[in-house]
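Here, each number is a calculation from the coordinates, and none is a lab measurement. Remember, it's a predicted structure, so these values are computed and weren't measured experimentally. When we count neighbours, we look across all protein chains shown, and the Cβ atoms used for this are built from the backbone with ideal geometry, even at glycine.
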Amino acid sequence: MNNVKTLETLKQAVRTIPDFPEPGVLFKDITPVLGHPELLRLAIEALLDPFQDQVITKVVGIESRGFILGGMLAHHLDAGFVPVRKKGKLPYKTLSESYQLEYGTDSIEMHVDAIEPGDRVLIHDDVIATGGTAEATIRLVERAGGQVVGCAFLIELMALKGRRRLPDHIPIHAVLQL
């Protein structure tokens, strides 16, 4: 699926917004991909490609843009969808996992009953940057008894080397490496 034309088409659609959300950050805006049915279809197909035959029971989407494509991935895989959110945003009892930021720490949460022991889980976020959120999400899923089958990202920011924070035994699939 990941032919050169598809990758180039998706890459050209991603906008770079300088100094958002703060000075010095080059934000990768995927809304042009989301707004065009053909690009959206290409993105979903490219994200699904290595996981089609993996018998995934849950897709975990990381707040907030991971919810958009993550829900679609779950639909195509005939799997449940589990949102992972920032601390205090979920209404029921949660499991929590902290992770390091450049200056300090943050936490993410998931409902205690979202993952059942033995669930085969695909973790999705739109972008992997430093890898801290994805690393914490892997720990959450494993604490709940799930088996992480892989991580799927639309974009990997290569300069930030986030992939190095993730366990070697978990397949990492990034459609675009920027």
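General remarks:
- Rounded to the nearest whole Hz, the Karplus-based 3J(HN,Hα) values (6.51 cos²θ - 1.76 cosθ + 1.60, θ = phi - 60°) of the range 16-32 follow the sequence 9, 10, x, 6, 10, x, 8, x, x, 8, 9, 6, 8, 9, 8, 4, x, with x at glycine and proline.
- Total charge dipole magnitude, the range 25-131, about the Cα centre, Cβ charges on Lys, Arg, Asp, Glu only, Debye to nearest 20: 320 debye
- Restricting the trypsin sites (Lys or Arg not before Pro) of the range 11-112 to loop positions (DSSP other than H, G, I, E, B) with no more than 10 neighbouring Cβ atoms within 10 Å leaves Lys93.
- Karplus-derived HN-Hα couplings along the range 159-167 (A = 6.51, B = -1.76, C = 1.60, θ = phi - 60°), whole Hz, x at Gly and Pro: 5, 8, 6, x, 4, 5, 7, 8, x
- When you filter the chymotrypsin sites (Phe, Trp or Tyr not before Pro) in the range 99-162 for DSSP loop state and at most 12 other Cβ atoms inside 10 Å of their Cβ, you are left with Tyr103.
- Other-chain or far-sequence residues with amide H under 5 Å of Ser64's (modelled H): none
- Overall dimensions of the range 54-177, expressed as equivalent-ellipsoid semi-axes from the Cα gyration tensor (√(5λ), whole Å, largest first), are 20, 18, 13.
- Restricting attention to the range 36-150, close to 45% of DSSP beta bridges with both partner residues there are antiparallel.
- Only Cα pairs under 8 Å and 6+ residues apart enter the sum, and on that basis the relative contact order of the chain stands at 18 percent.
- GNM top mover of Thr31, Thr133, Thr105 - the chain, alpha-carbon springs below 10 Å: Thr105
- For the chain, modelled as a GNM whose springs connect Cα atoms under 10 angstrom apart, the maximal fluctuation among Ala79, Ala136, Ala159 occurs at Ala159.
- Residue-by-residue Karplus 3J(HN,Hα) for the range 124-138, coefficients 6.51, -1.76, 1.60, Hz, glycine and proline x: 10, 9, 5, 9, 10, 10, 7, x, x, 5, 5, 4, 5, 5, 4
- In this structure, the amide hydrogen of Val82, modeled 1.01 Å from its nitrogen in the peptide plane, lies closer than 5 angstrom to those of Val59, Val60, Gly61, counting only residues at least 5 positions away or on a different chain.
- Between Ile17, Ile62, Ile30, the Gaussian network model of the chain with springs among Cα atoms under 10 angstrom shows the greatest mean-square fluctuation at Ile17.
- Loop-located GluC sites (Glu not before Pro) in the range 65-150 (DSSP state not H, G, I, E or B) with no more than 16 neighbouring Cβ atoms inside 10 Å: Glu102.
- Structure-based [θ]222 nm, the chain - -39500 (n - 2.57) summed over DSSP H runs of at least 4, per residue, nearest 500: -8500 deg cm²/dmol
- Across all directions, the average projected area of the convex hull around the alpha carbons of the range 11-108 is 8.2 nm².
- When restricted to Cα atoms, the range 41-80 yields an Rg and a Dmax of 9.4, 27 Å, respectively.
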